[in-house]
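The structure under discussion appears below in the form of structure tokens.
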Amino acid sequence: MIKYFSTEHKSKEVSFKDAIITGLAPDRGLYFPDIINKFDDKIFDILKFPELSFEISKLLIEDAIPENDLKKIIFDAFNFQIPIKNIKDNIYVMELFHGPTAAFKDFGARFMARVLSFFLSKSNQKITILVATSGDTGSAVAKGFYKVPNIDVVILYPSKKVSFLQEKQLTTLGENITALEVDGTFDDCQNMVKEAFIDKSLNEKFTLSSANSINIGRLYPQSFYYVWAYNFLKNQAGCKEIIFCTPSGNFGNLTGGLIAKRMGLPVKKFIAATNINDVVPEYLDTGIFKPRPSLATHSNAMDVGNPSNFARMTTLYKTKDDMKRDIVGYKITDKETVDTIKNVYEKTGYLLDPHGAVAYKAIEFYKNDNVENNIPMVFLETAHPAKFNEVIKDNLGIDVNIPKVLKEALKLEKKSIKIGNRYEDLKSFLENR
Ligand SMILES: *Cc1c(COP(=O)(O)O)cnc(C)c1O
């Protein structure tokens, strides 16, 4: 059986079920599997996403969930498209925003909600999910867990630091979803949540769980679509290798790719694209990991000053030089982001969102530094541009067509509870509600 150890190595190993339910290990480390099974070559011929995801998840989860239940979970969670389109030359976009909240976090949230609900239904437990969000996690989690029995969701988001549309998505559901509007930054929200998990007295009263990208249940499905992109392009273009570019904040999305590579996906390189919150690219340059407060940018879902999944990356790669063989980092400024949205739109007609634009620009930098004409380069477009229509309208002067799933949220009334940015503020809210 696969066991989950903490990246801090002080807590004891747990099962998949316990890793999902507790989220963060008691020693504040992140859970990681002690075994990563390898693909059988047959996996690369599967051209349907749910079937492919089912095969990959069997290798990751083994018998922690019976096959029939796992299949139901997967087919129900991934009922939307993942188009891969050629932009120009050997550059492709993989659109991960066709889920119900129009961002890639739907993959992790929808999978995790169903897995958790499966485990809870077996044991009649009730849990409270605490989640800190810089925008997209919150809406994906809110929507993914909406009305799921035995689960209460409390979302913390930084006041005035998410877009108008994101805020609507976070605050309008009601039922088992509560939105806390924190007078602070995303890092404050994340620290408050982390603090709650290690607070003994609070944990005696509630079973707390996390749906942040620290949860292994969120991470796993983020490995599926890397294989999907490779299979698609292998079938179309007969490639033997692939390069990915992932716009990154907490580095959960990229770590999903690293797991796929460990399973045997032939990835030549991962390009880690960040905005000016470039703690990881800086580490790849200098070997020094220096977390710091995050700075606000146009690609706000990546405004992360202390990327939590770095702990998993250093579990996979013991040294900086090890990591550099597989990953190259680039930092992109807001000006470069906006210029890229403009240039790509004018030259190709494709409209990027700010996160996708960060990835696209990083590919351009990488292509300048390396001659790589025959290997397909796929960047992950993590959100629909309409989620950032303020940035796009201000800079391009065009109105983005808002997809139907987002229009519905705009009509609803915001309901949030304002709190301060100290842990005590969160604690007293939880104890007194
Ligand atoms: C969360 C998010 C990211 C960053 O993903 P990480 O897994 O935190 O690196 C990028 N783009 C969008 C739109 C996001 O919501």
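The values are calculated or read from the model by the stated rules, or taken from the named source; none is laboratory data. In this text the structure is predicted, and so the values were computed from the model without any measurement. Neighbour counts are summed over all protein chains in view; Cβ atoms, including those assigned to glycine, are modelled from backbone coordinates with ideal geometry. Heavy atoms of the whole protein, side chains included, go into the accessibility calculation; ligands, DNA and RNA do not. Shrake-Rupley method; radii C 1.70, N 1.55, O 1.52, S 1.80 Å.
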Contact order normalised by residue count of the chain, Cα under 8 Å, 6+ apart, percent:
19
Lysines near LYS160 by alpha-carbon distance under 16 Å, same-chain residues fewer than 8 away left out - which ones?
LYS168, LYS387, LYS414, LYS415, LYS418
To the nearest 20 Debye, how big is the dipole of region 30-111 about its Cα centre, given +1 on the beta carbon of each Lys and Arg and -1 on that of each Asp and Glu?
360
Bins of 5 Å, beginning at zero and ending with the bin holding the largest distance: percent of Cα pairs per bin for region 1-135, please.
2, 9, 15, 18, 20, 17, 11, 6, 2, 1, 0
Ranking request for peptides 108-117, 398-407: highest mean number of other beta-carbon atoms within 10 Å first, then the rest in descending order.
108-117, 398-407
Along Cα→Cβ, 7 Å out, is where each label goes; now give me the distance between the ones at LYS335 and ASN235 in nm to one decimal.
4.4
If I take all pairs of Cα atoms in the chain, what percentage of them are more than 34 Å from each other?
25
Can you give the accessible area of THR22 in Å² (nearest 10), computed on protein heavy atoms with a 1.4 Å probe?
60
Label-reachable residues, region 92-119, where backbone N falls under 20 Å from a point 7 Å from ASN68's Cα toward its Cβ
114-119
Along its principal axes, what span do the Cα atoms of region 170-265 show, with the longest given first and each in whole Å?
56, 30, 26
What is the gain in length, in nm to one decimal, between HIS9 and ASN124 on full extension, counting 0.36 nm per residue of separation less the C-alpha to C-alpha distance?
38.4 nm
Which aspartates and glutamates does LYS407 reach when only Cα atoms under 18 Å apart count, and residues fewer than 8 places away in its own chain are ignored?
ASP106, ASP136, GLU167, ASP353, GLU390, ASP399
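Filter LYS122/LYS147; LYS71/LYS200; LYS48/LYS342 down to the pairs with a C-alpha to C-alpha distance above 28 Å, please.
Numbers: LYS122/LYS147 18 Å; LYS71/LYS200 37 Å; LYS48/LYS342 34 Å.
In this structure, LYS71/LYS200; LYS48/LYS342 lie more than 28 Å apart at Cα.
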In square angstrom, what is the accessible area per residue of region 324-433 with a 1.4 angstrom probe?
52
Along the charge dipole of the chain, Cβ charges K/R +1 and D/E -1, which of LEU59, THR315, GLY420 sits furthest on the positive end?
LEU59
Residues with amide H under 5 Å from that of LEU24, placed H, sequence gap 5 or more
SER210
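With a cut-off of at most 13 other beta carbons within 10 Å, and DSSP calling the residue loop, which trypsin sites (Lys or Arg not before Pro) in region 1-107 qualify? Please list them. Write out the running numbers ahead of the final one.
Numbers: sites: LYS3, LYS10, LYS12, LYS17, ARG28, LYS38, LYS42, LYS48, LYS58, LYS71, LYS72, LYS85, LYS88, LYS105; in loops: LYS3, LYS10, LYS12, ARG28, LYS38, LYS48.
Those that pass, being in a loop and sparsely packed, are LYS10, LYS12, LYS38, LYS48.
Could you tell me the calculated FRET efficiency between ARG433 and ASN401, based on Cβ-Cβ distance and R0 = 51 angstrom, to the nearest 0.05?
0.85
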What ³J(HN,Hα) values, in whole Hz, does the Karplus curve 6.51 cos²θ - 1.76 cosθ + 1.60 give for region 245-252 when θ = phi - 60°, with x put for Gly and Pro?
10, 10, x, 10, x, 8, 6, x
Pairs of Cα atoms farther than 16 Å apart, region 324-398, %:
51
FRET efficiency for LYS415 and ASN343 from the Cβ-Cβ distance with R0 = 41 Å, rounded to 0.05, comes out at 0.55
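Calculate, in nm to one decimal, what HIS98 and LYS200 gain on full extension: separation in residues at 0.36 nm each, minus their alpha carbon distance.
Working: separation 102, 0.36 × 102 = 36.72 nm, distance 3.99 nm.
Additional length available on full extension: 32.7 nm.
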Placing each pseudo-label 7 Å from Cα in the direction of the beta carbon, LYS58 and ASN79 end up separated by a distance in nanometres of 2.4
Residues in region 218-251, backbone N under 19 Å from the label point at LYS88 (7 Å along the Cα-to-beta-carbon vector): list them, ranges by number please.
245
Taking only Cα atoms and a 10 Å spring cutoff, compute GNM fluctuations for the chain and point out the largest among ILE198, ILE288, ILE392.
ILE288
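Per residue, how large is the accessible surface of region 55-109? Use a 1.4 angstrom probe and give square angstrom. Let's see the in-between values first.
Values: 2130 Å² over 55 residues.
Accessible area per residue, region 55-109: 39 Å².
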Spelling it out for LEU156: with amide H atoms placed in the peptide plane at 1.01 Å from N, the residues 5 or more places away or on another chain with amide H under 5 Å from its amide H are VAL131, ALA132, THR133, LEU180
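Once neighbouring chains are kept in place and the probe is 1.4 Å, which whole percent of the accessible area of the chain is contributed by carbon and sulfur? Intermediate values should be presented prior to the final figure.
Numbers: 8200 of 17170 Å².
The value for the chain is 48 percent carbon and sulfur by accessible area.
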What is the sum of charges, Lys and Arg at +1 and Asp and Glu at -1, for the other residues whose Cβ falls under 13 Å from the Cβ of ILE74?
+1
